[in-house]
Number of protein chains: 2
Amino acid sequence: MFEETEIIRFSLKEGAAGFKDKIVREVPFTIKVNNEEVSTLLASPSDLKELAVGYLFVEGFIESQSDITDIVVNERSFFAGVGTKNKITPEQLQKNRVITSGCGRNISFYNAEDFKNVLPVDSDFKAEAKTILGLTAEFQKKSETFRETGGVHSAALCEGDRIISFAEDIGRHNAVDKIVGGLILKKIDPKNKFLLLSGRISSEMLLKAARIGIPIIVSRSAPTDMAVRLAKRLKITLVGFARGSKMNIYSEPERIVMKEGKDV
Amino acid sequence: MFEETEIIRFSLKEGAAGFKDKIVREVPFTIKVNNEEVSTLLASPSDLKELAVGYLFVEGFIESQSDITDIVVNERSFFAGVGTKNKITPEQLQKNRVITSGCGRNISFYNAEDFKNVLPVDSDFKAEAKTILGLTAEFQKKSETFRETGGVHSAALCEGDRIISFAEDIGRHNAVDKIVGGLILKKIDPKNKFLLLSGRISSEMLLKAARIGIPIIVSRSAPTDMAVRLAKRLKITLVGFARGSKMNIYSEPERIVMKEGKDV
């Protein structure tokens with residue numbers, strides 16, 4: 001994930017000096033499906049298989065692990081070739097290509113027509129506030145050093161009182177797609193898990209979580225208003241500003257057990 | 001930029017309570033050129049005219065302010081209609097549509113062929129390290145409250161010892177595009193300015209700066225390795241970890257005056 005490079009370190013007191021520093025890597029990762037180029041993502045070169053599968057799932061190219069006939073990932077040339085049972089239709093590629101956005105490749109969902117494919121999360125899973133806060137602290141610690149030095153985003157999936165998967169990427173989207181890809185590859189049930197995110201929550205995170213079926217999203221940062229509206233519509237519990245012993249709950253609070261053994 | 005919403009605030013000590021909180025807004029902003037839909041960006045609803053113009057410039061749809069024949073921005077329905085002297089070619093739209101990425105809509109530049117259109121920045125502008133650090137602190141202060149509550153990114157343009165423009169957005173890219181759009185609309189010379197960014201620097205920021213011709217980029221966060229390589233290739237001075245009295249210089253250090261009146 002890192003590369004070493006020669007830099008100049010300057011301080012007003014001590015002046016300039018040469019220095020060897022670690023820099024976080026960023027690579028162009030190309031995903032082809034049945035030899036058709038689908039996308040090139042700028043990503044951190046880790047968990048590329050998970051990233052390819054998560055991306056294809058979130059973007060609607062595959063529905064489950066069983067849609068994948070074969071997958072080749074080259075971790076050196078940053079390429080994934082995925083074979084799928086069904087051919088990719090020109091419409092799928094077109095849809096994916098029609099609208100790009102700053103940080104929102106899922107923007108196509110904002111057409112009412114696309115929305116019908118994203119269903120509310122149907123899960124009566126509950127998690128204790130105490131557990132969520134404890135895991136958030138653990139997650140925070142896990143990501144901190146790396147974020148400080150490398151400026152990457154983290155995402156983690158929790159089950160019970162454990163973090164069961166953890167991913168990092170220079171892209172907020174990629175970190176979540178890596179988690180989603182892992183869920184699909186390992187055929188893990190998402191319905192009783194919750195997602196921890198290091199950064200702010202914009203609408204796309206909600207769409208990703210809804211598409212895979214994760215019922216709770218937790219971040220130490222803020223959500224946007226569109227994220228909150230989507231959370232309500234998609235029946236996802238959205239928790240922001242989870243820090244220390246506090247959290248803000250923006251939607252579906254009934255999934256958070258706030259006192260020992262009973263709900264609010 | 002904000003909306004108020006009813007949330008539940010929970011603390012382990014005090015339990016749950018209803019609360020009215022400010023949430024940062026996120027809107028889908030559609031840009032049409034000569035009635036052809038070019039893109040829908042997820043953005044913060046401020047400086048939308050600058051965002052439209054900056055986006056079209058950075059993506060290669062326009063070359064300067066004089067390419068624009070008319071521009072209509074609706075700040076309520078989040079729409080910009082831009083008329084340009086030249087028609088948009090299907091190739092331009094296609095190019096823009098071919099490759100989407102997590103947080104990297106400029107990814108098309110990563111084809112060698114596209115690269116020939118991005119020239120190194122030709123500027124013998126120099127800035128004092130002391131001035132840069134002072135303005136970084138001012139910028140930091142300016143963005144802090146908002147970032148804390150809203151989780152947005154900031155970008156600013158500096159001339160001499162002053163911040164001359166400042167933009168915020170939920171998208172890192174959009175914040176920079178707003179600055180670029182302002183430069184183009186006001187026909188400001190970018191060659192003797194420097195750019196301050198609140199977040200980490202990935203490759204796309206370098207391409208944006210090169211395209212408009214800004215010679216120095218400064219952030220309090222880390223750059224990626226690809227950003228550093230591009231900075232060298234595009235002759236842009238890249239400064240990271242600018243905090244307090246310190247900074248790291250990754251490329252073209254000759255533009256930074258590190259001691260009173262003379263270079264290193």
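Being at pLDDT 95 or above, crowded, with 20+ Cβ neighbours inside 10 Å and part of a loop (DSSP other than H, G, I, E, B) is the filter here, so list the residues in region B:222-248 that pass it.
B:234, B:236 - these are the residues of region B:222-248 that are at pLDDT 95 or above, crowded, with 20+ Cβ neighbours inside 10 Å and part of a loop (DSSP other than H, G, I, E, B).
Surrounded by fewer than 14 Cβ atoms within 10 Å (Cβ to Cβ) and outside any loop (DSSP other than H, G, I, E, B): is that true of residue B:70 in this structure? So that I can check it myself, show each step before the final result.
Numbers: surrounded by fewer than 14 Cβ atoms within 10 Å (Cβ to Cβ): yes; outside any loop (DSSP other than H, G, I, E, B): yes.
For residue B:70, the condition - surrounded by fewer than 14 Cβ atoms within 10 Å (Cβ to Cβ) and outside any loop (DSSP other than H, G, I, E, B) - is met.
Yes or no: residue B:188 assigned to a helix (DSSP H, G or I) and either β-branched (Val, Ile, Thr) or at pLDDT below 95 (or both)?
On the way: assigned to a helix (DSSP H, G or I): no; either β-branched (Val, Ile, Thr) or at pLDDT below 95 (or both): yes.
Taking the combined requirement at face value, the residue does not satisfy it.
Does residue A:205 satisfy the criteria of being touching a residue at least 60 places away in the same chain (Cβ under 8 Å) and in contact with a strand residue (DSSP E or B) (Cβ under 9 Å, 6 or more places away or on another chain)? Walk me through how you get there before you give the answer.
Values: touching a residue at least 60 places away in the same chain (Cβ under 8 Å): no; in contact with a strand residue (DSSP E or B) (Cβ under 9 Å, 6 or more places away or on another chain): yes.
So residue A:205 fails the test.
Within region B:1-48, restricting attention to residues that are out of contact with any strand residue (DSSP E or B) (no Cβ under 8 Å at 6 or more places or on another chain) and farther than 15 Å from residue B:72 by Cα, which residue is nearest to the other protein chains (Cβ to nearest Cβ)?
Filtering region B:1-48 for residues out of contact with any strand residue (DSSP E or B) (no Cβ under 8 Å at 6 or more places or on another chain) gives B:13-14, B:36.
Imposing the further condition that a residue be farther than 15 Å from residue B:72 by Cα reduces the set to B:13-14.
On the way: B:13: 6, B:14: 9 Å.
Ranking the candidates gives B:13 first.
Within region B:1-21, which residues are assigned to a strand (DSSP E or B) and either within 18 Å of residue A:243 (Cα to Cα) or more than 36 Å from the chain's Cα centre (by Cα) (or both)?
Initial filter on region B:1-21 (assigned to a strand (DSSP E or B)): B:2-11, B:15-21.
Residues satisfying the conditions are B:7, B:8, B:9, B:10, B:11, B:15, B:16, B:17, B:18, B:19, B:21.
Does region B:95-109 include one or more residues that are in contact with a Cys (Cβ under 6 Å, 6 or more places away or on another chain), assigned to a loop (DSSP other than H, G, I, E, B) and either modelled with pLDDT under 85 or more than 9 Å from every other protein chain (Cβ to nearest Cβ) (or both)? Talk me through it step by step, then tell me what you get.
First pass over region B:95-109, keeping only residues in contact with a Cys (Cβ under 6 Å, 6 or more places away or on another chain): B:103.
Within this subset, residues satisfying the condition of being assigned to a loop (DSSP other than H, G, I, E, B) are B:103.
Keeping just the survivors that are either modelled with pLDDT under 85 or more than 9 Å from every other protein chain (Cβ to nearest Cβ) (or both) gives B:103.
Yes.
Tell me, which residue of region A:18-70 that is in contact (Cβ under 8 Å) with a residue 40 or more places away in the chain and aromatic (Phe, Trp, Tyr) is farthest from residue B:252 (Cα to Cα)?
Once the filter is applied, the top-ranked residue is A:57.
For region B:150-170, check the following and say yes or no: at least one residue is touching a Cys at 6+ places or on another chain (Cβ under 9 Å) and within 14 Å of chain A (Cβ to nearest Cβ).
yes
Tally up the residues in region B:165-202 that are more than 12 Å from the chain's Cα centre (by Cα) and either among the aliphatic types (A, V, I, L, M) or closer than 18 Å to residue A:171 by Cβ (or both), please.
The total comes to 3.
Which one is nearest to the other protein chains (Cβ to nearest Cβ) among residues in region B:211-227 that are without any contact (Cβ under 8 Å) to a residue 40 or more places away in the chain and closer than 16 Å to residue B:120 by Cβ?
Of region B:211-227, the ones without any contact (Cβ under 8 Å) to a residue 40 or more places away in the chain are B:217, B:219, B:221-227.
Going one step further and asking which of them are closer than 16 Å to residue B:120 by Cβ, we end up with B:217, B:227.
Working: B:217: 14, B:227: 7 Å.
That would be B:227.
When residue A:45 is evaluated against the numbered criteria (1) out of contact with any His (no Cβ under 9 Å at 6 or more places or on another chain); (2) under 19 Å from residue A:89 (Cβ atoms); (3) of a type outside the set (Asp, Glu), which criterion, by number, is the only one it fails?
In the conditions (1) out of contact with any His (no Cβ under 9 Å at 6 or more places or on another chain); (2) under 19 Å from residue A:89 (Cβ atoms); (3) of a type outside the set (Asp, Glu), residue A:45 misses (2) alone.
Output yes when any residue across region B:172-182 is more than 11 Å from every other protein chain (Cβ to nearest Cβ), among the basic types (Lys, Arg) and touching a strand residue (DSSP E or B) at 6+ places or on another chain (Cβ under 9 Å), and no when none is. Spell out the reasoning first.
So in region B:172-182, the residues more than 11 Å from every other protein chain (Cβ to nearest Cβ) come out as B:179-182.
Going one step further and asking which of them are among the basic types (Lys, Arg), we end up with none.
Taking every residue of region B:172-182 in turn, none turns out to be more than 11 Å from every other protein chain (Cβ to nearest Cβ), among the basic types (Lys, Arg) and touching a strand residue (DSSP E or B) at 6+ places or on another chain (Cβ under 9 Å).
The values are calculated or read from the model by the stated rules, or taken from the named source; none is laboratory data. As the structure is a computational prediction, the values presented were derived from the model and not from experiment. Virtual Cβ from ideal backbone geometry, glycine too; neighbours counted across all protein chains shown.
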